[in-house]
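J.: Structure incoming, see below.
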Amino acid sequence: QVQLVESGGGLVQAGGSLRLSCAASGRTFSSYDMGWFRQAPGKEREFVAAIRWGWASTSYADSVKGRFTISRDNAKNTVYLQMNSLKPEDTAVYFCAADPLGRIHTTRAVGAMSKYDYWGQGTQVTVSL
């Protein structure tokens, strides 16, 4: 099975930046589709960003497009979420997720939680005014 460990969360003022990291186990990380989701108190978990295997095409929620960047380093088995121009509404627990069969699941929506079989424990991001 795949294990995911997020890090990099913290407290930042509005307009600031954070970079989240997600370290993944597995010998075939380069073939995983990876995603970031977030969940605020009392809210449902929502899609933030995703990056596919291979050519590493990316997808973003409209709310973060232009501010967040997802990337991956296959040599380090790590996916990143660079968050710039943070807003108070970005406050949430951020989770990374993995679909180890991304190369097969070509028709599964990257923004759907059901696509991903493995989840990290989450890291708290708090954006103050």
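The values are calculated or read from the model by the stated rules, or taken from the named source; none is laboratory data. Predicted model only: the values in this text are computed from it and were never measured. Backbone-built Cβ (ideal geometry, glycine too); neighbour counts: all protein chains shown. Heads up: the accessible areas ignore ligands, DNA and RNA and are worked out on the full protein's heavy atoms, side chains in. Shrake-Rupley method; radii C 1.70, N 1.55, O 1.52, S 1.80 Å.
J.: Mind checking whether some residue in the range 101-115 is crowded, with 16+ Cβ neighbours inside 10 Å, part of a strand (DSSP E or B) and modelled with pLDDT of 95 or more?
T.: No, because not a single residue in the range 101-115 is crowded, with 16+ Cβ neighbours inside 10 Å, part of a strand (DSSP E or B) and modelled with pLDDT of 95 or more.
J.: Also, I was wondering about something else. Please name all residue pairs, on different chains or six or more residues apart, with Cβ atoms under 7 Å, provided the first residue is in the range 80-108 and is closer than 16 Å to GLU46 by Cα and the second residue is open to solvent by 30 Å² or more (accessible area, probe 1.4 Å) and among the β-branched types (Val, Ile, Thr).
T.: As it stands, the answer is THR91/THR126, since those pairs meet every condition given.
J.: Somewhere in the range 77-86, is a residue under 30 Å from LEU129 (Cβ atoms) and of a type in the set (Val, Ile, Thr)?
T.: Yes, the range 77-86 contains at least one residue that is under 30 Å from LEU129 (Cβ atoms) and of a type in the set (Val, Ile, Thr).
J.: Return the pairs, sorted by first residue and then second, in which the second residue is outside any loop (DSSP other than H, G, I, E, B), the first residue lies in the range 43-59 and is polar (S, T, N, Q), the beta carbons are less than 7 Å apart, and the residues are 6+ apart or on different chains.
T.: From residues that are polar (S, T, N, Q), the pairs are THR58/ALA49; THR58/ALA50; THR58/ILE51; THR58/ILE70; SER59/ALA49; SER59/ALA50.
J.: Also, I was wondering about something else. Quick one: which strands (runs of 3 or more DSSP E) sit completely within the range 1-81 and have at least 2 residues that are surrounded by 14 or more Cβ atoms within 10 Å (Cβ to Cβ) and of a type in the set (Gly, Ala, Ser)?
T.: 18-24, 46-51
J.: I would also like to ask the following. Which condition does GLY15 not pass, out of (1) at positive phi; (2) touching a Gly at 6+ places or on another chain (Cβ under 7 Å), if it passes all the others?
T.: (2)
J.: State which residue is most open to solvent (accessible area, probe 1.4 Å) when the search covers only the range 91-100 and only residues that are touching a Lys or Arg at 6+ places or on another chain (Cβ under 9 Å) and not hydroxyl-bearing (Ser, Thr, Tyr).
T.: VAL93
J.: Regarding PRO88, is this residue modelled with pLDDT under 95 and either exposed (fewer than 14 other Cβ atoms within 10 Å of the Cβ) or in contact with a Cys (Cβ under 8 Å, 6 or more places away or on another chain) (or both)?
T.: no
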